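Worksheet: the structure to be examined is printed underneath.
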Amino acid sequence: MIFPLEELVKFKGSIYEITAAASKRAYQLAVVKDPVVEENDDKVVSIAARQLFTNEVQYRIEQGPRQ
């Protein structure tokens with residue numbers, strides 16, 4: 001699986017947010033040993049990015065406690 005660069009170019013949101021979400025999702029996929037990872041040669045970052053860009057997985061930014 002190739003990283004979806006064409007989706008990144010079309011993306012209108014915050015690149016920082018989608019990068020952080022992809023990183024967190026890739027970690028989740030690696031930890032739970034999702035079968036989709038093995039099917040795609042263990043490319044967790046590419047899988048996570050594709051899932052986010054295709055809205056298969058959604059993310060939200062949570063606000064931390066204000067001090």
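The values are calculated or read from the model by the stated rules, or taken from the named source; none is laboratory data. On a predicted model such as this, the values are computed, not experimentally measured, just so you know. FYI the Cβ positions are ideal-geometry reconstructions off the backbone, even for glycines, and counts take in every protein chain you see. Calculation scope for accessible area: heavy atoms of the full protein, side chains included, ligands and nucleic acids excluded. Shrake-Rupley method; radii C 1.70, N 1.55, O 1.52, S 1.80 Å.
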So how far apart, in nm, are the two label points at Glu17 and Asn40 if each is 7 Å from Cα heading toward Cβ? 2.2
Could you state the accessible area per residue of the chain in Å², with a 1.4 Å probe and every protein chain left in place? 80
Can you list the lysines whose alpha carbon sits under 17 Å from that of Lys12, skipping same-chain ones fewer than 8 residues off? none
With all protein chains present, the chain has a carbon and sulfur share of its accessible area (1.4 Å probe) in percent of 53
For the chain, whose charge dipole is built from +1 on Lys and Arg Cβ atoms and -1 on Asp and Glu Cβ atoms, the candidate among Phe53, Gln28, Gly64 with its Cα farthest towards the positive end is Gly64
Lys43's amide H: which non-local residues (gap 5+, or another chain) put their own amide H closer than 5 Å, with H modeled 1.01 Å from N in plane and none for Pro or chain starts? none
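At 1.306 mPa s and 10 °C, plugging the Kirkwood radius over alpha-carbon pairs of the chain into Stokes-Einstein gives what diffusion coefficient in µm²/s? Please report the intermediate quantities before stating the final value.
Numbers: Rh = 12.6 Å.
The estimated diffusion coefficient comes to 126 µm²/s.
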Using alpha-carbon pairs under 8 Å, 6+ residues apart, how would you state the relative contact order of the chain in percent? 41
HN-Hα J in Hz across region 28-42 - Karplus 6.51, -1.76, 1.60, θ = phi - 60°, x for Gly and Pro: 4, 4, 5, 5, 7, 6, 4, x, 4, 5, 5, 5, 10, 6, 6
Chymotrypsin sites (Phe, Trp or Tyr not before Pro), restricted to region 4-57: which are DSSP loop and have at most 15 other Cβ atoms within 10 Å? Phe11
Exposed-site-free run, longest, the chain (rule: trypsin sites (Lys or Arg not before Pro); DSSP loop; at most 13 other C-beta within 10 Å): 34-59
